[in-house]
Amino acid sequence: MICNNLSINEKGHLCIGGQDTVELAEAYGTPLYLLDEDRIRERCRTYRRALQEAFGEEANALYASKAASFRGMYRIMKEEGMGVDVVSSGEIYTAVSAGFPMERAYFHSNNKTDADIRFAMENGVGYFVVDNREELDAIEAVAAERGQMQKILLRITPGIDPHTYEAVATGRVDSKFGSAIETGQAEEMVVYAMSLAHIDLMGLHCHVGSQVFDSDVFLRAAAILLDFAAKMREKYQFALRELDLGGGYGVRYLESDPELDIAENIREVGKAVHAQCEALGLPLPVIRMEPGRSIVADAGMTLYTVGTVKRIPGYKNYVSVDGGMTDNPRFALYGSSYTVLLANRANDAGEAFRCSVVGRCCESGDILQENVKLPADTKRGDLVAVLTTGAYNYSMSSNYNRIPRPPVVLLSGGESKLAVRRETFEDVCRNDI
Ligand code: LLP
């Protein structure tokens, strides 16, 4: 199994966090998002421990909440002592309404509107991660009007290609995010931010990409940013108090994907950062990382019920399920790989057939996965599990075809509880006049 929270019980049923998925599907219906809360907490602790060991007590991980955002998740993050990365007023609202301590929130986005900036300040967001010069002006204006200082980090583009898929690579000079060192714009931002009366420039941020396995990406990014900080100190007495290295550690979607030892990787980054700070004569900044996917992805699984099984002799086989691109658009968007199996007969090694597992939307591209091997007698009523769906599934879901979103159920210590209830048709029509 691709994650150690998965097992198969004596009935041949797939289990997650020790709980029988067939029973969960009966209790909550399908499609159904499951999230193993114990696993999420374990991942938070791994990050926090590794960061504090490598960089001292003040270092912390910020959960990139775009990966899976709902109130229960912010409560978990609060309890685990994590910070959060938020990217919109909607995420800020959700975090605030869950009682998250907003001084530990970092507000991202390449285009924060004036209303967003005001909303974030009114709600006590600790840090803005500033993308561009117009944003600096807008934050300065609102902070001045409110008579407050606003802590910020500047988002810097280090010019690194993280070797991941195009849609999630953000570290290159031509990225829509941040200001590049290479073009001189990052330097201009430092100088300008330091000149503003209501801006407290705490440090720098970078995020080079997502689903990254190259273990040296964080090392290279940190090296480039520390070098840049040293130059800025020399020229302008800039003090780097905080350095946020972003998120991006990859997770296993397939058995063939490598397994990253995140704690070990953080140790390596720690050694390199200490050595470089010493060499440059820089005090060690407070270090942040912003993992999203690697906190929640393999805690998740989606369950579906099989409907139509269509065989087109000589061509293709389709297994249609009761969800699809509305609850998981990642294959349609990125061609993402997933491990798919029958949850109600997980040991069934009978004669296999190749099929595309597809959704119920009126759209040919509504595919969850192609080239899946399922038992040849897969039939209506079987339970399909798509693994590793904890990140960027619920948060990217839609109501296309007016399909209500599935519920999110959290699993912990052998118990299950609803974290997001299943949408109703009335929910789907809620805003229709
Ligand atoms: N920090 C920043 C500034 C980010 O933009 C992101 C992700 C993260 C942290 C978290 O990265 P992670 O640890 O999750 O890789 N929808 C895409 C992923 C988009 C990632 C956007 N930014 C997907 O489904 O693969």
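Of Leu243, Leu284, Leu303, which residue is surrounded by 24 or more Cβ atoms within 10 Å (Cβ to Cβ) and away from the ligand (no atom under 16 Å from the Cβ)?
Working: Leu243 fails: away from the ligand (no atom under 16 Å from the Cβ); Leu284 fails: surrounded by 24 or more Cβ atoms within 10 Å (Cβ to Cβ).
Criteria check complete, one pass: Leu303.
Check Glu234, Glu259, Glu242, Glu255 and return the single one that is among the acidic types (Asp, Glu) and within 22 Å of Gly83 (Cβ to Cβ).
On the way: Glu234 fails: within 22 Å of Gly83 (Cβ to Cβ); Glu259 fails: within 22 Å of Gly83 (Cβ to Cβ); Glu255 fails: within 22 Å of Gly83 (Cβ to Cβ).
Sole residue among the options that is among the acidic types (Asp, Glu) and within 22 Å of Gly83 (Cβ to Cβ): Glu242.
Test each condition in (1) closer than 26 Å to Arg405 by Cβ; (2) surrounded by fewer than 16 Cβ atoms within 10 Å (Cβ to Cβ) for Ala95 and report the one that comes out false.
The number of the failed condition is (2).
Of these, Glu79, Glu91, Glu53, which one is more than 16 Å from Tyr249 (Cβ to Cβ) and within 16 Å of the ligand (Cβ to nearest atom)?
None of the others qualify; the one that does is Glu91.
Would you check if there is a residue in region 387-403 being more than 16 Å from the ligand (Cβ to nearest atom), closer than 22 Å to Lys310 by Cα and assigned to a strand (DSSP E or B)?
For region 387-403, residues more than 16 Å from the ligand (Cβ to nearest atom), closer than 22 Å to Lys310 by Cα and assigned to a strand (DSSP E or B): absent.
Looking only at residues that are surrounded by fewer than 15 Cβ atoms within 10 Å (Cβ to Cβ) and under 19 Å from the mean Cα position of the chain (by Cα) in region 246-261, which one is nearest to Val129 (Cα to Cα)?
Ranking the qualifying residues of region 246-261, first place goes to Asp261.
I'd like to know if region 247-254 contains one or more residues that are part of a helix (DSSP H, G or I) and within 16 Å of the ligand (Cβ to nearest atom).
Step one: of region 247-254, the residues part of a helix (DSSP H, G or I) are none.
No: region 247-254 contains no residue that is part of a helix (DSSP H, G or I) and within 16 Å of the ligand (Cβ to nearest atom).
Can you report the number of residues in region 96-125 which are within 20 Å of the chain's Cα centre (by Cα) and under 28 Å from Ala180 (Cβ atoms)?
Counting residues in region 96-125 that are within 20 Å of the chain's Cα centre (by Cα) and under 28 Å from Ala180 (Cβ atoms) gives 9.
Select from region 371-396 the residues that are out of contact with any Phe, Trp or Tyr (no Cβ under 8 Å at 6 or more places or on another chain) and over 17 Å from Pro407 (Cα atoms) and list them in ascending order.
Across region 371-396, the qualifying residues are Asn371, Val372, Asp377, Lys379, Arg380, Gly381, Asp382.
Please verify whether region 94-105 includes one or more residues that are closer than 27 Å to Ser175 by Cβ, within 15 Å of the ligand (Cβ to nearest atom) and aliphatic (A, V, I, L, M).
yes
Condition check ((1) among the charged types (D, E, K, R); (2) closer than 26 Å to Gly248 by Cβ; (3) more than 16 Å from the ligand (Cβ to nearest atom); (4) touching a helix residue (DSSP H, G or I) at 6+ places or on another chain (Cβ under 6 Å)) across all residues:
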residue: Glu122; (1), (2), (3), (4): yes, no, yes, no
residue: Val125; (1), (2), (3), (4): no, yes, no, yes
residue: Ala141; (1), (2), (3), (4): no, no, yes, no
residue: Glu145; (1), (2), (3), (4): yes, no, yes, no
residue: Ile152; (1), (2), (3), (4): no, yes, no, no
residue: Asp161; (1), (2), (3), (4): yes, yes, no, no
residue: Ser179; (1), (2), (3), (4): no, yes, no, yes
residue: Thr183; (1), (2), (3), (4): no, yes, yes, no
residue: Val212; (1), (2), (3), (4): no, yes, no, no
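Each row is one residue, and each column tells you yes or no for (1) of a type in the set (D, E, K, R); (2) farther than 20 Å from Met202 by Cα.
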position	(1), (2)
Arg75	yes, yes
Asp114	yes, yes
Gly126	no, no
Asp137	yes, no
Glu140	yes, no
Met149	no, no
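For a quick check of your reading of the model, give me the residue pairs whose first member lies in region 50-62 and is touching a residue at least 40 places away in the same chain (Cβ under 8 Å), whose second is surrounded by fewer than 16 Cβ atoms within 10 Å (Cβ to Cβ) and among the aromatic types (Phe, Trp, Tyr), with beta-carbon atoms closer than 8 Å and at least 6 apart or on different chains.
Note: no pairs meet the criteria.
Is it true that Val309 is of a type in the set (Val, Ile, Thr), more than 15 Å from the ligand (Cβ to nearest atom), modelled with pLDDT of 95 or more and surrounded by fewer than 21 Cβ atoms within 10 Å (Cβ to Cβ)?
yes
Could you check region 56-76 and list, in sequence order, the residues that are more than 11 Å from the ligand (Cβ to nearest atom), touching a Leu at 6+ places or on another chain (Cβ under 8 Å) and small (Gly, Ala, Ser)?
Gly56, Ala59, Gly72
Quick one: in region 226-240, which of the residues that are part of a helix (DSSP H, G or I) and touching a helix residue (DSSP H, G or I) at 6+ places or on another chain (Cβ under 7 Å) is surrounded by the fewest Cβ atoms within 10 Å (Cβ to Cβ)?
Tyr236
Out of region 3-40, which residues are closer than 24 Å to Arg267 by Cβ and without any contact (Cβ under 8 Å) to a residue 40 or more places away in the chain?
Asn4
Give the number of residues within region 197-225 that are over 27 Å from Gly335 (Cβ atoms) and surrounded by 19 or more Cβ atoms within 10 Å (Cβ to Cβ).
Summing the residues that are over 27 Å from Gly335 (Cβ atoms) and surrounded by 19 or more Cβ atoms within 10 Å (Cβ to Cβ) in region 197-225 gives 9.
Of the residues Arg330, Arg345, only one is modelled with pLDDT of 95 or more, basic (Lys, Arg), more than 30 Å from Gln237 (Cβ to Cβ) and within 15 Å of the ligand (Cβ to nearest atom); which?
Within the list Arg330, Arg345, the selection yields Arg330.
The values are calculated or read from the model by the stated rules, or taken from the named source; none is laboratory data. Predicted, not measured: the structure shown is a model, and the values here were computed from it. Positions of Cβ are generated from backbone atoms using ideal geometry, with glycine treated the same way; all protein chains shown enter the neighbour counts.
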